[in-house]
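The values are calculated or read from the model by the stated rules, or taken from the named source; none is laboratory data. This is a predicted model, so every value here is computed, not measured. Cβ placement follows ideal geometry from the backbone for every residue including glycine, while neighbour counts extend to all protein chains displayed.
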Amino acid sequence: MTRKSAYPYWFFIPAGVIFAILFIVPTVASFYFSLTYWDPFEARFAGWDNYVQFFSEPFLVRGVLNTLFFAFLTSALKTGLGLLLAVLLTSGIFAQGFLRSVVFFPVLVSTIGVGLLFQELMHPTQGAINVALAAIGIDGPGWLVNPKLALFSVALVDVWRGVGLATLIYIAGLSTIGPEYYEAARIDGATRWQQFWRVTVPLVRPATNTVIVLSLIGGLRLFDLIWAMTRGGPGFSSDVLASVIYKQYQAGFWGLSTAGNVILFLMIAAIVAPLAWWLNRRELEA
Amino acid sequence: MTDRSLTARNYAMGVVALLLAFVVFIVPFLFVAINAMKTAPDAAQLDFSLPERWVFWENVVTTVQTRDYALLLAYWNSTLITVCAITILVIFGAMVGFVIQRRPSPVSRFVYVLILSGLMIPPAVVPTIWVLQGINLFKTLQGMILIQVAYGLGFTVLLFRAFIATIPRELDEAAIIDGAKPWQVFFRVVLPLLKPVTVTVIVVQSISIFNDFTHPLYYLPGRDNVTVQLTLYNFQSQFASQNNLLFMNILLITIPPLIVFVFFNRQIVAGMTSGAVKG
């Protein structure tokens, strides 16, 4: 007779039931419903129609491409700026602790609040940003009203809001690099620039991987900021998958909305899983 | 770079950084605060001038009274959702993290991977509504609470598992020898030792649940179900010309995260980095 374990599996059950019913079941069901014409009244099998529509209607294709553009742009900016800010904020400058708090605070503020605030600041004529630019003789662009610029403007606000988290992760990563590495580099005659590229960047690699993966996932899934600032507009110019999913749900095209959900899931899996694997491998080799 | 003394250069860089941080990060918040104290026509100018007339208190009252005290109802709903969801998350999440860490087996690994996948996979929203309707929890606070539990579980289990690894097994073994049942070992011996990580979980999750906009938008529609983030959204569509009240609303719903930030800064940093770096 085997002795009963002191760590029984039934401990998984309470959390497991909630997770299975509200997360796993809908995720599995989404694959089926994405193949149907589904509305509040019925679901009829549709084959691949929803997917065909997603990759042939220009505004839906636009949503897919925008999602990728947004995620890669914000991830790259958060990684680069996060590292620079973290190096600056660990170098012992004046008011370092206060500055860390200031950079991090937007992470905790309501995203909708941030979105609405910047909607006002980016107003083409009256907004504080363009008024300030006009004061130094620059004719500010229509940040959110120019279809070519709207998604880019939202991306900048997303970086403003999220760079604090990247900085925080980098600060934690930098604190694991011992001073002896920099001393050795200095003795070998390395300049500050060389120290940054040859010591800091390679040794802070695990934090870099975390920042890239986290901000990519966040960027691909982002909904609230875009919804608060542009609702996907002007036209469909700043629509991303998450906003398309919401719009199609609102319009009663539940099957199409769910197909968007599945595409988003597959896109995240296809980008993030290999990337995380590749980054971790390089981390081990380094 | 390792020299931490405050040299003239560090001082100068600090001052420059302060100025930049002031313009980039503090001015936007000042803009919110100043405009929240203006009259509606004054705030419609969108400029940085000081209010022509300071109407801070009037704006607080008007904002709170809007739509039959919707903001108070929203505060009540959001608080209820946050408190209930976190209570469930902490207890059930710690149980899962405990067994996963203490009993390495294919079953544990499978459960762990499944739960962590929730950190990456976007929730399938319309099928979730379908499930909620099927179990009569759509548009209910109970349903919203359970949704927040399901979505917060990945992060919670991740943190608990990592922390439980630092608690010596000898402690539970001693209790087992004394004849304690598994649930007694967990609730009497292990759970009380998890206080530091529990505080971190509570702080980080409460901010994320309180600030959640997307999921109440989908799963909790209806006037009586309004949550704090949705009050802003309603303001925007209803009172396009009343920026002052919109900003006052932003101010009023930023108070709880601000308080948490002031008092639990250390736990927030610990949670955000430990969860992230090990993820």
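Condition first: part of a loop (DSSP other than H, G, I, E, B) and either surrounded by fewer than 17 Cβ atoms within 10 Å (Cβ to Cβ) or of a type in the set (Val, Ile, Thr) (or both). Can you find one or more residues in segment B:62-73 that meet it? No, segment B:62-73 has no match at all.
Contact map, segment B:201-227: first residue on the phi > 0 side of the Ramachandran plot and more than 11 Å from every other protein chain (Cβ to nearest Cβ), second residue of a type outside the set (Phe, Trp, Tyr) and surrounded by fewer than 21 Cβ atoms within 10 Å (Cβ to Cβ), Cβ cut-off under 6 Å, separation 6 or more or different chains; pairs are B:222/B:139. Of the helices (runs of 4 or more DSSP H) contained entirely in segment A:217-286, those carrying at least 1 residues that are facing another protein chain (nearest Cβ under 10 Å), over 16 Å from residue B:125 (Cβ atoms) and in contact (Cβ under 8 Å) with a residue 24 or more places away in the chain fall at A:224-229, A:254-285.
The helices (runs of 4 or more DSSP H) found wholly in segment A:1-81 and carrying at least 2 residues that are at pLDDT 95 or above and within 12 Å of another protein chain (Cβ to nearest Cβ) occupy A:13-19, A:25-33.
Given the criterion within 24 Å of residue A:242 (Cβ to Cβ), at pLDDT 90 or above and among the aliphatic types (A, V, I, L, M), identify the matching residue among B:164, B:129, B:135. Outline the logic, then answer.
Numbers: B:164 fails: within 24 Å of residue A:242 (Cβ to Cβ); B:135 fails: within 24 Å of residue A:242 (Cβ to Cβ).
It is B:129.
Does residue A:176 count as at pLDDT 90 or above, among the hydroxyl-bearing types (Ser, Thr, Tyr) and under 26 Å from the mean Cα position of the chain (by Cα)? Reasoning before the result, please.
Values: at pLDDT 90 or above: no; among the hydroxyl-bearing types (Ser, Thr, Tyr): yes; under 26 Å from the mean Cα position of the chain (by Cα): yes.
Here the answer is no, as residue A:176 does not meet what is asked.
Residue selection: residue B:107 fails the criterion of being closer than 29 Å to residue A:215 by Cβ and within 8 Å of chain A (Cβ to nearest Cβ). Can you pull out the residues in segment A:96-118 that are more than 7 Å from chain B (Cβ to nearest Cβ) and within 20 Å of residue B:217 (Cα to Cα)? The answer is A:114, A:115. The criterion of at least 3 residues that are within 28 Å of residue B:273 (Cα to Cα) and away from chain B (no Cβ under 11 Å) is met by the following helices (runs of 4 or more DSSP H) wholly inside segment A:131-196: A:150-174.
Okay, residues lined up against (1) in contact with a helix residue (DSSP H, G or I) (Cβ under 8 Å, 6 or more places away or on another chain); (2) in a helix (DSSP H, G or I); (3) free of Cβ contacts under 8 Å to residues at least 24 places away in the same chain; (4) within 11 Å of another protein chain (Cβ to nearest Cβ):
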residue	(1), (2), (3), (4)
B:16	no, yes, yes, yes
B:20	no, yes, yes, yes
B:38	yes, no, no, no
B:47	yes, no, yes, yes
B:51	yes, no, yes, no
B:57	no, yes, yes, no
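With respect to the stated conditions, residue B:154 fails to be modelled with pLDDT of 95 or more and either more than 7 Å from chain A (Cβ to nearest Cβ) or part of a helix (DSSP H, G or I) (or both). Of the residues making up segment B:139-147, one or more are more than 9 Å from every other protein chain (Cβ to nearest Cβ), part of a loop (DSSP other than H, G, I, E, B) and at pLDDT 90 or above.
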